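Working notes for the structure below.
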Number of protein chains: 2
Amino acid sequence: MTPSKLHLDDLEVGQVFHSSDYYVSADEITEFSTKYDPQSFHMDDDLAKDSIFRGLAASGWHTVGITMNLLVKSLPLANGIIGTGVEKISWPRPTRPGDILRIKAKITEITTSPSKPDRALVRIHICTFAQDNRMRQELLGKLLILR
Amino acid sequence: MTPSKLHLDDLEVGQVFHSSDYYVSADEITEFSTKYDPQSFHMDDDLAKDSIFRGLAASGWHTVGITMNLLVKSLPLANGIIGTGVEKISWPRPTRPGDILRIKAKITEITTSPSKPDRALVRIHICTFAQDNRMRQELLGKLLILR
């Protein structure tokens, strides 16, 4: 079932959105990193064994991309998800080949301006977990919502 | 000429690194967004015309990925660029098809811990500009540097 589209007045602080699962293959990890983070520990399992990661590890930016993919599918905003910025990202541990990622996204603040009543700034806290229930990424983002 | 690899003792606060150029095609914008930010204003020029972006706009995460690609090529750290987190990202305006991006990365802080003298936390301020010299992205990142 496609969830119905959400407008500003449908959102409230404390609302939580859960995503479906996303399987991360070694091929996807190396394909992403070759283009956007071309370092050996993200591209080559053998070379990665001798690195701080001790085995192939996804780029943190790849974990971000998968998180955004899952957010788009689980937060159906009527005007789309328009990020204006990020206030924090941390990667407590890297995404690995075979990880199955999912996200939990919580709305933490909704701010409207008297001078611009047609738009709101929404703060969202997104945690990305894998199948072991350990966090791979924490992100605090700011979204622009049009009324 | 490949620059020689930099170690912790080669870094100092205020150092600036400039990248080469990166041409962004419409095809690359739609390919990235289809995988990692599947929203119509990032994937389809016609649909984007009716959006807040008024034309095809790259995902902010795509601008981040290109920035990381350019950072890897312009900051040759001996142990690689290992990001532990991000303290800020802002996108004052989106990357567009035909943009030619480049970055300016400045080291703003180097912190070593008496208990872990073999590693340092380095803060880096990365501005991503296009051919019009206007900023597409500002990012404050934290890197782990091994001695």
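Points worth noting:
- Top-ranked residue in segment B:35-62 [being among the hydroxyl-bearing types (Ser, Thr, Tyr) and within 20 Å of the chain's Cα centre (by Cα); ranked as surrounded by the fewest Cβ atoms within 10 Å (Cβ to Cβ)]: B:36
- Of all residues in segment A:120-145, those satisfying the criterion of being basic (Lys, Arg) and surrounded by fewer than 17 Cβ atoms within 10 Å (Cβ to Cβ) are A:123, A:134.
- Test: residue B:29 is farther than 30 Å from residue A:92 by Cβ, surrounded by fewer than 16 Cβ atoms within 10 Å (Cβ to Cβ) and either of a type in the set (A, V, I, L, M) or in contact with a helix residue (DSSP H, G or I) (Cβ under 9 Å, 6 or more places away or on another chain) (or both): no
- Checking residue A:117 against (1) touching a Ser or Thr at 6+ places or on another chain (Cβ under 9 Å); (2) in a strand (DSSP E or B), the condition it does not meet: (1)
- Members of segment A:72-97 found to be part of a helix (DSSP H, G or I) and more than 9 Å from chain B (Cβ to nearest Cβ), listed by number: A:74
- Subset of segment A:45-67 (residues that are among the acidic types (Asp, Glu) and part of a helix (DSSP H, G or I)): A:45, A:46
- Long-range neighbours under 7 Å by Cβ, at least six apart or interchain, first residue aliphatic (A, V, I, L, M) within segment B:106-119, second at pLDDT 85 or above and assigned to a strand (DSSP E or B): B:107/B:122; B:107/B:124; B:110/B:120; B:110/B:122
- Subset of segment A:12-26 (residues that are in a loop (DSSP other than H, G, I, E, B) and either buried (at least 18 other Cβ atoms within 10 Å of the Cβ) or within 14 Å of chain B (Cβ to nearest Cβ) (or both)): A:19, A:20, A:24, A:25
- The set of residues in segment B:103-114 being of a type outside the set (A, V, I, L, M, F, W, C) and assigned to a strand (DSSP E or B) consists of B:104, B:106, B:108, B:109, B:111, B:112, B:113.
- Evaluation of residue A:91 against (1) under 24 Å from residue B:87 (Cα atoms); (2) over 19 Å from the mean Cα position of the chain (by Cα) (one fails), failing number: (2)
- Members of segment B:124-147 found to be within 14 Å of chain A (Cβ to nearest Cβ) and of a type in the set (D, E, K, R), listed by number: B:136, B:138, B:142, B:147
- Check on residue B:65, crowded, with 22+ Cβ neighbours inside 10 Å, under 14 Å from the mean Cα position of the chain (by Cα), over 30 Å from residue B:5 (Cβ atoms) and touching a residue at least 24 places away in the same chain (Cβ under 8 Å): no
- Meets criteria (closer than 23 Å to residue A:4 by Cα and polar (S, T, N, Q)) for residue A:128: no
- Any hit, segment B:44-66, residues being among the basic types (Lys, Arg) and within 11 Å of another protein chain (Cβ to nearest Cβ): no
- Residue match in segment B:97-105 (condition: of a type in the set (Gly, Ala, Ser), in contact with an Asp or Glu (Cβ under 8 Å, 6 or more places away or on another chain) and surrounded by fewer than 22 Cβ atoms within 10 Å (Cβ to Cβ)): no
The values are calculated or read from the model by the stated rules, or taken from the named source; none is laboratory data. Note that the structure is predicted; figures quoted are calculated from it, not measured. Cβ sites come from the backbone with ideal geometry, for glycine too, and all protein chains shown count toward neighbours.
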